[in-house]
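*Asks:* Dumping the structure here so I can ask a few things about it.
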Amino acid sequence: MKIKKLLLILSVLPLYVFSQDNQDKPAFGIKFTGYVKNDINFDSRQTVDVREGHFLLYPQNVKEDKNKKDIYASPSFNMLAIQSRLTGNITAPDAFGAKTSGIIEGDFFGNADADINGFRLRHALVKLNWSKTELMAGQYWNPLFIAQSFPEVISFNTGAPFEPFSRNPQLRLTRKMNKLSIAVTAYSQRDYASTGPKGVSSVYLRNSCIPDANLLLTYACGSDNLFGIGGDYKTLVPELETSKGYKTNESLGSISATAFSKIKVKNITWKLQAIFAQNAYDLTMLGGYAIKNTNYDTLTGIKEFTNYNIASIWTELYTTFGKCTVGIFGGYTKNFGTPYNILPGSTVYARGTNINYVYRVSPRFMVTQDKTTIGLEVEYTTAAYGKTTNSLGDVSDLKEVSNIRGLLSFIYKF
């Protein structure tokens, strides 16, 4: 018995000594957090959406049968837990004179409708932080999505199609100068990609050999208030071979710009963001591009392209008192068509080309106790569909089509 006790002490002693030697040293490893979320939603009509209606964009256009009855004027109901998320926060030793950290995060949203419930990568990044400079490499929010100020709605659409919604592999360098920070980002496309002759794919950006480029200026007033502006440039090569079998490398350049603010006074927070965007399909917004009518070579099929221009604005106001949060979100986006005439009868690579504008109002109420939140949100979304579209992509002869979504959500954080 004494021998067994001695062996036990000898086996535990090294672990005790190791823990004593390392008790004052920083812990390195990974800590998991996340949440379980179940959404129950009801729509008053059929919608344009993703993942069985979980990610709502706007209502479907009217589609009449032979008796002039609207086929899409039919309600729907669903219940999904696919937004449930797992986040790993990584700490590691310093490197290159910088503090290091990392994040790896996934959920069960899947990469396509056929993959619903599939575990997918959301964020995967490493950061190197010096005293005034940060270098981030990996997959993270698109720089036009302001991570410090975005719509905190209950719906998983997070304000889309009014808010730029995309995550991208990227390299981002941020320099802090007192209250002002300047971020320069070069990024590619992955899950959120442009569309073109081969469907939705990152190949059009890859074939341009030019990463998307973004410049963002942010001015922070204290810990809760900020203001900023940003600009973005994207280059696509939609095809390498024409339908006639000829080589082509015609490219399309697109610019985007944004201005945003976040103001907090006591327990009231107000957010505002305005966006102008060309070819915004990959941002889960209206828009894209089309074939330009001029300089089209009928012999070779070589063509030029023109952007769809859109503008969007959203705002949010919410307050927290005790365990309750009350808020309201409002958004408006407008399709301005194309600056050049579209080739008649050609395929258009864009979202919502028969829509002139979309707006949404969504109030919400949440009550939280410790790690558990129950939320109720109502989304009233209207899309103005047009019967007529001219050669510049302008939509007219409009009819507003609306949908009311009721959303009940249960969230358990860990």
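*Asks:* Do we find that Ser188 is surrounded by fewer than 20 Cβ atoms within 10 Å (Cβ to Cβ), under 23 Å from Gly287 (Cβ atoms) and not hydrophobic (A, V, I, L, M, F, W, C) in this structure?
*Replies:* yes
*Asks:* Take Asn61 and tell me if it is over 22 Å from Thr372 (Cα atoms) and either among the aromatic types (Phe, Trp, Tyr) or surrounded by 12 or more Cβ atoms within 10 Å (Cβ to Cβ) (or both).
*Replies:* yes
*Asks:* Among the β-branched types (Val, Ile, Thr), within 13 Å of Thr284 (Cα to Cα) and surrounded by 18 or more Cβ atoms within 10 Å (Cβ to Cβ): does that describe Thr174?
*Replies:* Considered against the rule, which asks whether it is among the β-branched types (Val, Ile, Thr), within 13 Å of Thr284 (Cα to Cα) and surrounded by 18 or more Cβ atoms within 10 Å (Cβ to Cβ), Thr174 comes out as no.
*Asks:* I would also like to ask the following. Can you tell me which residues in the stretch 343-375 are touching a residue at least 60 places away in the same chain (Cβ under 8 Å) and either among the small types (Gly, Ala, Ser) or not in a loop (DSSP other than H, G, I, E, B) (or both)?
*Replies:* If the condition is that a residue be touching a residue at least 60 places away in the same chain (Cβ under 8 Å) and either among the small types (Gly, Ala, Ser) or not in a loop (DSSP other than H, G, I, E, B) (or both), then Tyr349, Ala350, Arg351, Gly352, Ile355, Val358, Arg360, Ser362, Arg364, Met366, Gly375 are the ones that fit.
*Asks:* Moving on to the next point. Within the stretch 289-302, which residues are surrounded by fewer than 24 Cβ atoms within 10 Å (Cβ to Cβ) and either over 27 Å from the mean Cα position of the chain (by Cα) or not hydrophobic (A, V, I, L, M, F, W, C) (or both)?
*Replies:* Scanning the stretch 289-302 gives Lys292, Asn293, Thr294, Asn295, Tyr296, Asp297, Thr298, Leu299, Thr300, Gly301, Ile302.
*Asks:* Is the stretch 89-112 home to any residue that is farther than 30 Å from Ile328 by Cβ, among the acidic types (Asp, Glu), out of contact with any Ser or Thr (no Cβ under 9 Å at 6 or more places or on another chain) and not in a strand (DSSP E or B)?
*Replies:* No, the stretch 89-112 contains no residue that is farther than 30 Å from Ile328 by Cβ, among the acidic types (Asp, Glu), out of contact with any Ser or Thr (no Cβ under 9 Å at 6 or more places or on another chain) and not in a strand (DSSP E or B).
*Asks:* Somewhere in the stretch 21-41, is a residue surrounded by fewer than 13 Cβ atoms within 10 Å (Cβ to Cβ), at pLDDT 95 or above and under 30 Å from Glu379 (Cβ atoms)?
*Replies:* Yes, that holds for at least one residue.
*Asks:* Residue by residue through the stretch 279-298, note down the ones that are modelled with pLDDT of 95 or more and on the phi < 0 side of the Ramachandran plot.
*Replies:* Ala280, Tyr281, Asp282, Leu283, Met285, Leu286, Tyr289, Ala290, Ile291, Lys292, Asn293
*Asks:* Which is closer than 20 Å to Leu121 by Cβ, out of contact with any Gly (no Cβ under 8 Å at 6 or more places or on another chain) and acidic (Asp, Glu), of Asp191, Asp232, Asp224?
*Replies:* Asp191
*Asks:* Between Lys234, Lys247, which is surrounded by 17 or more Cβ atoms within 10 Å (Cβ to Cβ) and among the charged types (D, E, K, R)?
*Replies:* Testing whether each residue is surrounded by 17 or more Cβ atoms within 10 Å (Cβ to Cβ) and among the charged types (D, E, K, R) leaves just Lys234.
*Asks:* Okay, next question. In contact with a Phe, Trp or Tyr (Cβ under 6 Å, 6 or more places away or on another chain) and more than 26 Å from Asn356 (Cβ to Cβ): which single residue out of Thr269, Thr248, Thr195, Thr284 fits that description?
*Replies:* Thr269
*Asks:* Same structure, new question: Take the residues of the stretch 152-199 that are over 16 Å from the mean Cα position of the chain (by Cα) and aliphatic (A, V, I, L, M): which is modelled with the lowest pLDDT?
*Replies:* So, considering only residues that are over 16 Å from the mean Cα position of the chain (by Cα) and aliphatic (A, V, I, L, M), the one modelled with the lowest pLDDT is Met177.
*Asks:* For Glu400, indicate whether it is farther than 26 Å from Ser84 by Cα, in contact (Cβ under 8 Å) with a residue 12 or more places away in the chain and of a type in the set (Asp, Glu).
*Replies:* So Glu400 fits the description; yes.
*Asks:* When you scan the stretch 135-149, how many residues do you find that are surrounded by 18 or more Cβ atoms within 10 Å (Cβ to Cβ), in contact (Cβ under 8 Å) with a residue 40 or more places away in the chain and either closer than 21 Å to Ile90 by Cα or aromatic (Phe, Trp, Tyr) (or both)?
*Replies:* Result for the stretch 135-149: 1.
*Asks:* Going by the structure shown, is Asn117 over 28 Å from Asn38 (Cα atoms), surrounded by fewer than 17 Cβ atoms within 10 Å (Cβ to Cβ) and polar (S, T, N, Q)?
*Replies:* no
*Asks:* Which ones in the stretch 294-340 are touching an Asp or Glu at 6+ places or on another chain (Cβ under 6 Å) and assigned to a loop (DSSP other than H, G, I, E, B)?
*Replies:* Asn295, Glu304, Gly337
*Asks:* While we're here: Within the stretch 234-280, work out how many residues are farther than 30 Å from Lys323 by Cβ, polar (S, T, N, Q) and not in a strand (DSSP E or B).
*Replies:* Count: 6.
*Asks:* Of (1) under 18 Å from the mean Cα position of the chain (by Cα); (2) buried (at least 20 other Cβ atoms within 10 Å of the Cβ); (3) in contact (Cβ under 8 Å) with a residue 40 or more places away in the chain, Glu239 satisfies all except one. Which?
*Replies:* Of everything listed in (1) under 18 Å from the mean Cα position of the chain (by Cα); (2) buried (at least 20 other Cβ atoms within 10 Å of the Cβ); (3) in contact (Cβ under 8 Å) with a residue 40 or more places away in the chain, Glu239 misses just condition (1).
The values are calculated or read from the model by the stated rules, or taken from the named source; none is laboratory data. Note that the coordinates shown come from a computational prediction; the quantities given were computed from them, not determined experimentally. Backbone-built Cβ (ideal geometry, glycine too); neighbour counts: all protein chains shown.
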